[in-house]
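Engineer: One structure is given below, represented as structure tokens, and several questions about it will come after.
Readers should treat all values here as calculations from the given coordinates under stated rules, not as data from a laboratory. All figures in this text were calculated on a predicted structure; none of them were measured in a lab. Neighbour counts are summed over all protein chains in view; Cβ atoms, including those assigned to glycine, are modelled from backbone coordinates with ideal geometry.
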Amino acid sequence: MITKEAIEALQQSQAITAANAVPAYGGTPIMLPSDFTEHDLEKYMPDRRRARGNMQTTSISDFADYTNEHAETGCTAFVNAQKFTATAVLNLGTPAKPDHADNTATLTPEKTAAYAALTGITGRGITQQAAAEFLEDWIDHIECYVDTGSESATVQNRKAIGAIRRITIEALRKVESEVQSLSATQSAFESIAASSKDAIPTLIYFNCQPYAELAERLFVLRLGIVTGDKAPHIVLRIIKEEQHREEMAAELCQILAGKVEAGTIIGSYQRGN
């Protein structure tokens, strides 16, 4: 008498035989029992079937060297402008013969110390002390300017930093009161900057190399004062920051295009299932 277990074993044996008969690149699906477990025997082979993995680096030169050495058919480097990263898909293949696209190299450039300090302190309210110490730490990278109405005039860095340290809420409120009584249209900040013996800078030029192998850039910072708390807070904002990011991404793409033998484009790549 044939038992239920014998029938199931016979079905599994036939399914295994059918699966083993399917070519490695066969496109026809087959029905298999749900409790089968896949076993990959590659680890027992003397060599891997193909290269796959992800190499990561912060060096543009090392990224280019690795990509050139391991590039396969259709290799393409994608530069993500928003994240300021680059990914080379080494085995992308071609539209006619796509590859697995699972062997990649990733570049994540590190900010220089000066640019990291700049982006870490801008765009938010900071104390007078923090603003002054930042400018003192990077005094060789800055030039301070004060708005005189029709144009901007340079002011000595040390005097500009000292003026930032001496800002007080009492002075701000006094100026606001005088401006209102005279029906003037000047802002409190403009009035203080004009009347202070050491003018508070309205613009700060910050020159630095943002990333290794990229050219030096001039970042213009607009200085603002927030007076809502007991002590004034300074806000340093990079003018046209998004434009700087776009230009740096384009520069990175241009550098890679000269170093990476494969194609280099601005964009990102996500491997499908």
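Engineer: So who's got an amide H within less than 5 Å of the one on Tyr211, skipping anything under 5 residues away but keeping other chains? H placed 1.01 Å off N, in plane.
Structural biologist: Placed amide hydrogens put Thr112 under 5 Å from Tyr211.
Engineer: Quick one: which residues, 5 or more positions from Thr85 or on another chain, have an amide H under 5 Å from its amide H? H modelled 1.01 Å from N in the peptide plane, none for Pro or chain starts.
Structural biologist: Under 5 Å from the amide H of Thr85: Asn80.
Engineer: At what distance in angstrom do the alpha carbon centres of region 83-99 and region 232-273 lie from each other?
Structural biologist: One Cα centre to the other: 18 Å.
Engineer: Ranked highest first by average number of other Cβ atoms within 10 Å, how do 202-210, 54-62, 133-141 line up?
Structural biologist: Peptide ranking by packing, descending: 202-210, 133-141, 54-62.
Engineer: Starting from the amide H of Asn103, placed 1.01 Å from N in the peptide plane, find each other amide H under 5 Å away whose residue is 5 or more places distant or on another chain.
Structural biologist: When sequence neighbours closer than 5 places are left aside, the close amide H contacts are Gly53, Leu90, Asn91.
Engineer: With θ taken as phi - 60° and the coefficients 6.51, -1.76 and 1.60, list the Karplus ³J(HN,Hα) couplings across region 154-159 in order, rounded to whole Hz; mark glycine and proline as x.
Structural biologist: Along region 154-159, the couplings run 6, 9, 4, 4, 5, 5 Hz.
Engineer: Given labels modelled 7 Å from the Cα in the Cβ direction, how far is it in nm from Asn68 to Lys97?
Structural biologist: Label-label distance for Asn68 and Lys97, simple model: 2.6 nm.
Engineer: Per the Debye formula with a single identical scatterer at each Cα and no solvent contribution, what log10 I(q)/I(0) holds for region 37-149 at q = 0.10, 0.11, 0.19, 0.24 Å⁻¹?
Structural biologist: -0.55, -0.61, -1.03, -1.27
Engineer: Can you give the translational diffusion coefficient of region 201-267 in µm²/s, computed by Stokes-Einstein from the Kirkwood radius over Cα pairs at 25 °C and 0.890 mPa s? If you can, show how the numbers build up before the last one.
Structural biologist: Numbers: Rh = 14.4 Å.
This corresponds to a translational diffusion coefficient of 170 µm²/s.
Engineer: While we're here: So which chymotrypsin sites (Phe, Trp or Tyr not before Pro) in region 69-133 end up in coil per DSSP with only 10 or fewer other C-beta atoms within 10 Å?
Structural biologist: Qualifying residues, ordered by number: none.
Engineer: Report the FRET efficiency, 1/(1 + (r/R0)^6), for Asn54 and Lys240, where r is their Cβ-Cβ distance and R0 is 30 Å, rounded to 0.05.
Structural biologist: 0.30
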